[in-house]
Amino acid sequence: MSDNSAITVNNLIKSVATQEGRLTILNGINLDVKLGESVAILGPSGSGKSTLLGLLAALDSPTSGEIYLDGSPLHGLDEEAKAALRKQKISFIFQSFMLVDTLNALENVMLPAELSGIEQAREKAEAMLERVGLSHRLTHFPNQLSGGEQQRVAIARAFICEPKVLFADEPTGNLDGANSDKVANMLFELNRESDTTLVLVTHDLHLAQRCERQFIMEAGRLSESTLVEQPATQENNSVSVEAS
Ligand SMILES: Nc1ncnc2c1ncn2[C@@H]1O[C@H](COP(=O)(O)OP(=O)(O)O)[C@@H](O)[C@H]1O
Ligand SMILES: [Mg+2]
C-alpha cells in the first residue's frame, strides 16, 4: 500500500449462503486507487459491482481479504467503528437518489452536516445547492423534483462533508441523456475542486471514459481495461471496451 492510496484492496472475497449452497459473488479482487483519482467500474448486470462498492464503503463485510480506506483497515472493524469511518470519510450516490422523502431539498443536504456536527450547516447546504443550480428549489420535497434535480440534491448532499471517497452506483442510470450530462458534469467538477476520490459504477461508456482509469467486473473478478476508440465508420462510431 503506497502513502497516497485512497483505497487498497487485497484478495477480497465475498460469498453468501443461498438455498443452492455457497455463492461466491466476489472472487479475489485486487485494487489500488490513488487519492483524488477517478475510476469507473463497468461490467454486466449481476457481476458483483454493487457488492464491491458496498464493501469498499463499509456498508457490508467481506468473507475474507483486506480493504484499506485512506490508510485505515476496514476489515475487522465493528459496526460502530465502520459507521464512524463512513461519517468521516465516505459518501454514496445511488441510482435511485435515496433522498429522505419527508425532508425538503435544503434539509436533505443539511442532514449529514448536522449529523457530523459541522457548523453553519444551513449556509453550507445553501451554497452546495446553489453550486448544483438548485437555489430556486430549496423548499421542494423529493416528490416535487424531477429525477435530474433529485440527483443534483444527492450530489450536493454527498459533497457537503467533503468526503475522501465518493462512491456512485450508476448515478445516471435513471436519467435521460441531457440530465445525465448535467449530473455527470457536476460530479466531475466537484470531484476536481474538492480533490475527492471518485469510484463510479456505470453502464455508460462515455461517462466511464471521463474517469482517469477504467475497470471491468466479470463474474466477480476485476481487471483494468483500456477504453479503445474505434475508427469512426458509418456502421460504427462508438467506443468499445477491451479487458487487458
Ligand atoms: N445477499 C445476497 N444473497 C444472495 N445473492 C446475492 C446477494 N447480494 C448479491 N447477490 C448476487 O450476487 C450477484 C452480484 O450482485 P451485484 O453486486 O448487485 O451485481 P451488479 O451490481 O454488478 O449488478 C448477483 O447475482 C446477485 O443476485
Ligand atoms: Mg448493481
Practice task
Scan segment 28-39 and give yes if some residue there is of a type in the set (Lys, Arg), under 20 Å from GLU212 (Cα atoms) and away from ligand 2 (no atom under 16 Å from the Cβ), otherwise no.
Solution key: yes
Handout entry: Checking LEU111 against (1) open to solvent by less than 40 Å² (accessible area, probe 1.4 Å); (2) among the hydrophobic types (A, V, I, L, M, F, W, C); (3) over 23 Å from HIS203 (Cβ atoms), the condition it does not meet
Key = (1)
Handout entry: Yes/no for ILE67 being within 16 Å of ligand 2 (Cβ to nearest atom) and in a strand (DSSP E or B)
Key = no
Handout entry: Any pair with Cβ under 8 angstrom, 6 or more apart, that starts in segment 44-64 at a residue that is more than 13 Å from PHE94 (Cα to Cα) and near ligand 2 (Cβ under 9 Å from one of its atoms) and ends at one that is open to solvent by less than 10 Å² (accessible area, probe 1.4 Å) and among the charged types (D, E, K, R)
Key = none
Fill in the blank from the handout: THR172: passes all of (1) more than 16 Å from ligand 1 (Cβ to nearest atom); (2) over 17 Å from LYS124 (Cβ atoms); (3) in contact with a helix residue (DSSP H, G or I) (Cβ under 9 Å, 6 or more places away or on another chain); (4) not hydrophobic (A, V, I, L, M, F, W, C) but (1)
Practice task
Restrict the check to segment 80-92 and report whether at least one residue is within 16 Å of ligand 2 (Cβ to nearest atom) and open to solvent by less than 40 Å² (accessible area, probe 1.4 Å).
Solution key: yes
Exercise for the section: Return the only residue of GLY36, GLY48, GLY21 being open to solvent by less than 50 Å² (accessible area, probe 1.4 Å), within 12 Å of ligand 1 (Cβ to nearest atom) and under 17 Å from the mean Cα position of the chain (by Cα). Expected result: GLY48
Problem - Single condition HIS203 does not satisfy, out of (1) closer than 27 Å to GLY46 by Cβ; (2) open to solvent by less than 60 Å² (accessible area, probe 1.4 Å) - result: (2)
Practice task
Name the single residue, out of those in segment 114-138 being among the polar types (S, T, N, Q) and free of Cβ contacts under 8 Å to residues at least 24 places away in the same chain, that is least open to solvent (accessible area, probe 1.4 Å).
Solution key: SER135
Handout entry: Qualifying residues in segment 70-79 (those that are on the phi < 0 side of the Ramachandran plot and of a type outside the set (Gly, Ala, Ser)) - the one nearest to ligand 2 (Cβ to nearest atom)
Key = LEU74
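The values are calculated or read from the model by the stated rules, or taken from the named source; none is laboratory data. A quick note: this is a predicted structure, and the numbers were derived from the prediction, not measured. Note that we place each Cβ from the backbone using ideal geometry, even for glycine, and neighbour counts take in every protein chain shown. Ligands, DNA and RNA are excluded from the accessible area calculation, which covers all protein heavy atoms including side chains. Shrake-Rupley method; radii C 1.70, N 1.55, O 1.52, S 1.80 Å.
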